[in-house]
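The structure under discussion appears below in the form of structure tokens.
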Amino acid sequence: MSLLSIKNIHTIAEDDHNKKILKGLDLEINPGEIHVIMGPNGSGKSTLANTIFSSPRYIKTEGNIYFEGEDITEESTDKIAKKGIFMSFQTPEEIPGVTLANYLKSVKTSIDGKKPSIYEFIPQVENTMKELDMKEEYIKREFNVGFSGGEKKKNEILQMLLINPKLAILDETDSGLDVDAIKTVVKGINMYKNDNNAVLIITHSTKILKGLNVDKVHILVDGKIVKTGDYSLALEIDENGYKDYIK
Amino acid sequence: MAKTNVDNYLDNETRNIYNTKSNNEVLDIKYGLTEDIIRQISKEKNEPDWVLDIRLKALKLFYELSDPDWGPDISYLDINKIATYVKSIDKEKRTWEEVPDEIKDVFDKLGIPESEKEALAGSGAQFDSSTVYHNLTEDLKKSGVIYTSFDEALREYPELVKEYFTKAVPIMDHKYIALHYALFSGGSFVYIPKDTELDRPLQSYFRLNAKGAGQFEHTLIIVDENSKLQFIEGCSAPGYNELNLHAGCVELFVKKNAFLRFSTIENWSKNMLNLNTKKCFVEENGKIEWIMGSFGSKVSMLYPLSVLNGPYASCEFTNISFAGKGQNLDTGLKIIHNAPHTTSVVDSKSISKDGGICTFRSNVLVKPNASKSKLSISCESLMLDSESRSDTIPVDTIQCDDVEFAHEATVGKISDEAIYYLETRGMSELEAKSLIVRGFAEPIAKAFPVEYAVEMNRLIELELEGTIG
């Protein structure tokens, strides 16, 4: 059984019902796989991630989304998260007044439905932060407030590792990162990845893909997947761009 | 893992504890406001004539003065329907055990005597019009510290009380302070002698229990030269349909080089008109810190005044207000800089929800003699939906050139993106809002003593769930 199965999904924008974004998209992701979605700006890449998560900014007009065989098309965002899907944001939010430690405790409590043991959880957070090359004192700082772009992205990967979801969607996690930060993100993904979970990477570039075992690459143009291949497809895009796929 | 106290506190508590209604026997109850009633109250309290004179003068003023022509409408208040005097105990108690069970139960549920044991140097409790209990540790009594009910202070220390009573808040200040002086009953009196530092706070808790009742406690605190005091007052009441009235008065005197931190958590029920008056005089190099959390009440009008009368006197004012459905919290502050090198720092936050209204009025006067003074005022408000209102109304009068002055005000709405982000982390909309609001309130919560910070977080949760009142 596939982990995530998207059948013929269509979406429009909540604030403009005439704006069709996804136009019949299909996608199957199995446990153990790393999938990559590439595509030009405005093709619907981020919309896909947010559609899976039932973002209020998009309305699904047709099609279905299944997670572990269960129809989650109409499910609420928080329930989808609890079922085991995680998304790393392109522009993560800041939560003033809430320390990273308290934020992570709240997240963990929501996902697991019970408070984590502080004696186990805090050392786990500290060790994971060390692996991700994050400064120790950040744990006491307000969540994402005054963090650089790179630090915010590491914070997303940190959450992924602590939540340990069944499916992680990484939306443009590599954009705006320097070489070292990209290496750290790749390290994080490899720490997370095993045979039972899966990753869906949405990206512009192939930089993040180099250290990963990519199974499938999909080209998304104008709300539809127009081609699927292996890692070599990403390299081809890197060389030639999307011109062959744009009508 | 063993649960922390904070966890237990948060898990176990619900709004129900605030709603506990006692079936205690009321010994005496009077409605309305007449000369006859005033004379009876004064007689029962065995007061000297000069006190009765103040009451009678104030009574006259109450009927002469009119309601303020600004702020929330309170014209529906009918003083004849208010129980202006509710006597529930014949004599104030020295030990907690002596307090009648019905009353003790209410305070026990609120956690009042519990917090006393380790964290406090002394505590008092008022139930309706009567002070039921006051206690101070023996070593402090020996060092000359006075902490009694205001009624007792009038009997035991008449000269000391007379010197300060009505001197910070005069009886003609406004209509509802006149009402207060006509009816005042209970409250605390504190005198800290020179060169005395209290390492633990004193706490007074005010509980308005009777249906349709008014509470008019008078608190008078004098911190003499080179001394230090932290004073905490907590206020709550169960919810009724009848209008309740609170017109308390706080007079504070901070002498040369003295320090006073005055913290208040007001969690009145939503049938309460809270028309409270607080003033503080600060002498040379003295400091007043106001820490206020305003949660309950139908209408609040409360603007503590600090008068910085000596050079290097300072004032710090930290406030949080939370207005939910049907609430109009009109709060703020007044500061008068009346000497050179005086400093004031104001940090206020307000949260409004479900049509609640928060108004914050800051009224600052820097007199011509207050050169080299510094003022920093910051007001932030957060609205949780588009029906709610939040206003900040600053009036800054600077009559002196040589002043550092900063005034910042921001009004924000909780962002849909932030809520969505937290929802993708498994939080419900309510949990997401609660986390954001707690973060917003955090800098203020930090200023409260720990038990109160916990209570404040709990109140925020309860407000968000909409189960209060």
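Computed over segment B:23-302, relative contact order equals 16 percent, with contacts defined as Cα pairs under 8 Å that lie 6+ residues apart. Compute the label zone of B:ASP391 within segment B:56-70: residues whose backbone N is under 15 Å from the point 7 Å along Cα-to-Cβ. Answer for segment B:56-70: B:68-70. Working note: Debye formula, equal point scatterers on the alpha-carbon atoms of chain B, no solvent; log10 I(q)/I(0) at q = 0.13 Å⁻¹ is -1.26.
In sequence order, segment B:151-158 has phi-based couplings of 4, 5, 4, 4, 7, 8, 10, x Hz under the Karplus curve 6.51 cos²θ - 1.76 cosθ + 1.60, θ = phi - 60°, and Gly or Pro positions carry x. Sites counted here are GluC sites (Glu not before Pro) in a DSSP loop (not H, G, I, E or B) having no more than 16 other Cβ atoms within 10 Å; the longest part of chain B that contains none of them is B:26-241. Coupling constants for segment A:52-68 follow from the phi torsions by the Karplus curve (6.51 cos²θ - 1.76 cosθ + 1.60, θ = phi - 60°), and in residue order they are 4, 8, 6, 4, x, 7, 10, 10, 7, 9, 7, x, 9, 10, 10, 10, 6 Hz; glycine and proline get x.
Using R0 = 35 Å, the C-beta based FRET efficiency linking B:LYS162 and B:ASN369 works out to 0.70.
Taking amide H positions as modeled 1.01 Å from N, with prolines and chain starts lacking one, the residues under 5 Å from B:ASN276 and 5 or more places away or on another chain are B:MET301.
A Gaussian network model of chain A, with springs between Cα atoms under 10 Å, assigns the largest mean-square fluctuation among A:ILE208, A:ILE182, A:ILE122 to A:ILE122.
Counting only DSSP beta bridges whose two residues both lie in the protein assembly as shown, roughly 20 percent are antiparallel. For segment A:231-247, putting each phi into the Karplus relation 6.51 cos²θ - 1.76 cosθ + 1.60 with θ = phi - 60° gives couplings of 3, 4, 5, 4, 5, 5, 4, 4, 6, 10, x, 9, 4, 5, 9, 8, 6 Hz, in residue order, rounded to whole numbers and with x for Gly and Pro. Ordered by the number of other Cβ atoms lying within 10 Å of each residue's own Cβ, fewest first, B:SER386, B:SER348 fall into the sequence B:SER386, B:SER348.
Over chain A, what is the percentage of antiparallel beta bridges among all DSSP beta bridges, to the nearest 5?
Numbers: 24 of 42 bridges.
Around 55 percent of the beta bridges assigned by DSSP in chain A are antiparallel ones.
Fewest neighbouring Cβ atoms within 10 Å first, the residues B:HIS180, A:HIS17, A:HIS218 line up as A:HIS17, A:HIS218, B:HIS180.
If you put +1 on each Lys and Arg Cβ and -1 on each Asp and Glu Cβ, how big is the dipole of segment A:1-70 around its Cα centre, in Debye rounded to 20? If you can, show how the numbers build up before the last one.
Working: 7 positive and 9 negative charges, 57 e Å.
Here segment A:1-70 has a charge dipole of around 280 debye.
Projecting label points 7 angstrom from Cα along Cα→Cβ for B:VAL450 and A:VAL145 puts them 2.3 nm apart.
About its Cα centre, the dipole of the protein assembly as shown is roughly 300 debye, where the only charges are +1 on Lys and Arg Cβ and -1 on Asp and Glu Cβ. Residues whose amide H falls under 5 Å from that of B:VAL366, counting only those 5 or more places apart or on a different chain, are B:HIS337, B:THR397, B:ILE398, B:GLN399, with hydrogens built in the peptide plane.
Taken along the Cα-to-beta-carbon direction at a fixed 7 Å, the label points for A:ASN8 and B:GLU429 span 3.1 nm.
How high is the FRET efficiency from B:TRP70 to B:LYS91, r the C-beta distance, R0 45 Å, rounded to 0.05?
0.55
Kyte-Doolittle mean at least 0.0 and Cα extent at least 18 Å along the axis: which DSSP H helices of chain B qualify?
Numbers: long enough: B:49-64 (23 Å, 0.22); B:429-445 (24 Å, 0.43); B:450-465 (23 Å, 0.07).
Answer set is B:49-64, B:429-445, B:450-465.
This model, with +1 at the C-beta of Lys and Arg and -1 at the C-beta of Asp and Glu, gives segment B:23-302 a dipole about its Cα centre of some 360 debye.
Could you tell me what percent of the DSSP beta bridges with both partners in chain B are antiparallel, to the nearest 5?
10
Our Cα-only numbers for chain A put the radius of gyration and Dmax at 17.8, 57 Å. Each distinct pair of alpha carbons in the protein assembly as shown adds a 1/r term; the inverse of their mean, the Kirkwood radius, is 28.6 Å. With each label modelled as a point 7 angstrom along the Cα→C-beta vector, the A:ASP230-A:GLU70 pair spans 3.5 nm.
State, as an integer percentage, the relative contact order of segment A:26-158 based on alpha-carbon contacts under 8 Å between residues 6 or more apart. Provide the component values of the computation, followed by the final result.
Numbers: 101 pairs, mean separation 29.1, N = 133.
Value for segment A:26-158: 22 percent.
May I ask you to sort B:SER297, A:SER55 by Cβ crowding, counting other Cβ atoms within 10 Å and putting the fewest first? Working shown, then result.
Numbers: B:SER297 28, A:SER55 20.
Ascending number of Cβ neighbours within 10 Å: A:SER55, B:SER297.
Placing a label point 7 Å from the Cα of A:ASP244 along the Cα-to-Cβ direction, the residues of segment A:212-234 whose backbone N falls under 12 Å from that point are A:227-229, A:232-234.
Loop-located GluC sites (Glu not before Pro) across segment A:47-78 with a Cβ neighbour count of 12 or fewer within 10 Å are A:GLU74, with loop assigned by DSSP. Amide hydrogen proximity for B:LYS413: with H placed 1.01 Å from N in the peptide plane, the residues at 5 or more positions away or on another chain lying under 5 Å are B:MET383.
Remark on segment B:342-469: Rg and Dmax equal 17.7, 58 Å (Cα only). Lysines near A:LYS247 by alpha-carbon distance under 26 Å, same-chain residues fewer than 8 away left out - which ones? Within reach: A:LYS7, A:LYS19, A:LYS20, A:LYS23, A:LYS45, A:LYS60, A:LYS216, A:LYS224, A:LYS227.
Each value in this text was obtained by applying a stated rule to the coordinates, not by laboratory testing. Predicted model only: the values in this text are computed from it and were never measured. Counting neighbours? That spans all protein chains shown, and the Cβs are built from the backbone with ideal geometry, glycine included.
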